[in-house]
Every structure is written in structure tokens, then in C-alpha cells.
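Here's the structure we're looking at; comments come further down.
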Amino acid sequence: MEIRVVRADAADFAVRVVGRGATPSEVVRNLVEMARLQAPPSEEVRVCRRVVPKRRVVQVVMANGTSVPARILNLSASGVALQMDAPLDLGQAIVVGRHRARIARRIDGGVGAAFLTPLDEATVSENTVL
């Protein structure tokens, strides 16, 4: 069996099955299963409300004491999305304002950090200052 990629975009692709052998549905099942094995779906579920604070500029301190400016994209009781230039590693410990956090994910132009001690969800608002 021969499979040709007929279209490839940034987030998806299309193939054409050529030749004899496995049925197209068997090919699709195998491709879907291989994709699941390579990138299992995230089990993370976000339950905290996200807000964009009025005061968005914050200092981020690394474990070595280096301080860099960042811009808050949004925050919740459980974490914060930061726009920043400093290269940070997943799992790296930081302090965002006065709150200890750990880098949980990379996002375009920055990182998502999870607070080690979540904020009180009832007090998180656009007036929250980290």
C-alpha cells in the first residue's frame, strides 16, 4: 500500500491511499491510533475562572535571583499566563510578584505558570495584584 500526503498545513494534513491492501477505514483507524500514542490528550481540566487584571505588569524572579519583567495575559486562582522574553523550562520554579509558581506550559510568546498555593478564587478579579 502507498499513502501520499496531498496537503500539509501548520496543524493538520491530508493523505490519499493508493494501491491495494488494507481498506481505507483500516488505514484511518491505524493513523488515528498512532496519533493518539504520539500525543495523548491532556487530562488537565481548567475549572477556575480567568480574568485580565487592570495591573498587568509584574516582576518574575527565577531561582537564581534574576528578576525579569513580564506582562500578565490572564490569571486565575490556580495560575497565570505571562508574556515574557526570558527562556523558562517546564517545571522551573519562579516567583510571580509575591506568589511562588512553577512553569506548567509554554504558550506563544510566554508561559503558563501554576501557583504552588492557589489564590482564594472568591478574591480573584480585575483588581487582583500579584
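If the only charges are +1 at each Lys and Arg Cβ and -1 at each Asp and Glu Cβ, what is the size of the charge dipole of the chain around the Cα centre, to the nearest 20 debye? Numbers along the way, then the final one.
Details: 18 positive and 13 negative charges, 50 e Å.
Result for the chain is approximately 240 debye, rounded to the nearest 20.
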Test of the criteria: in segment 28-126, which GluC sites (Glu not before Pro) are in a DSSP loop and have at most 13 other Cβ atoms within 10 angstrom of their Cβ?
Glu43, Glu44, Glu126
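How much length is gained if the chain between Arg50 and Val5 is pulled fully straight, taking 0.36 nm per residue apart and subtracting their Cα-Cα distance, in nm to one decimal?
On the way: separation 45, 0.36 × 45 = 16.20 nm, distance 3.97 nm.
Here the segment from Arg50 to Val5 would lengthen by 12.2 nm.
Using just the alpha carbons, could you tell me how many Å³ per residue the convex hull of the chain encloses? If you can, show how the numbers build up before the last one.
Details: hull volume 18.3 nm³, N = 130.
Taking the convex hull of the Cα positions in the chain, it is 141 Å³ per residue.
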How much length is gained if the chain between Arg106 and Val27 is pulled fully straight, taking 0.36 nm per residue apart and subtracting their Cα-Cα distance, in nm to one decimal?
25.1 nm
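Taking the convex hull of the Cα atoms, report for segment 57-123 its projected area averaged over all directions, in nm². Mind dumping the intermediate values first?
Working: hull surface 16.1 nm².
Computed as one quarter of the Cα hull surface, the answer is 4.0 nm².
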Residue-averaged 222 nm ellipticity for the chain, from DSSP H runs of 4+ at -39500 (n - 2.57), nearest 500:
-4000 deg cm²/dmol
Can you tell me the orientation of helix 24-38 relative to the chain, as the angle in degrees between its alpha-carbon axis and the longest Cα principal axis, to the nearest 10?
30 degrees
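Relative to the present Cα-Cα distance, how much length would full extension add between Asn127 and Met62 at 0.36 nm per residue of separation?
Details: separation 65, 0.36 × 65 = 23.40 nm, distance 2.50 nm.
Full extension from Asn127 to Met62 adds 20.9 nm.
We did not get these values from a lab; they are worked out from the coordinates using the rules stated. Owing to the predicted nature of the structure, the values given are computational and were not obtained by experimental measurement. FYI the Cβ positions are ideal-geometry reconstructions off the backbone, even for glycines, and counts take in every protein chain you see.
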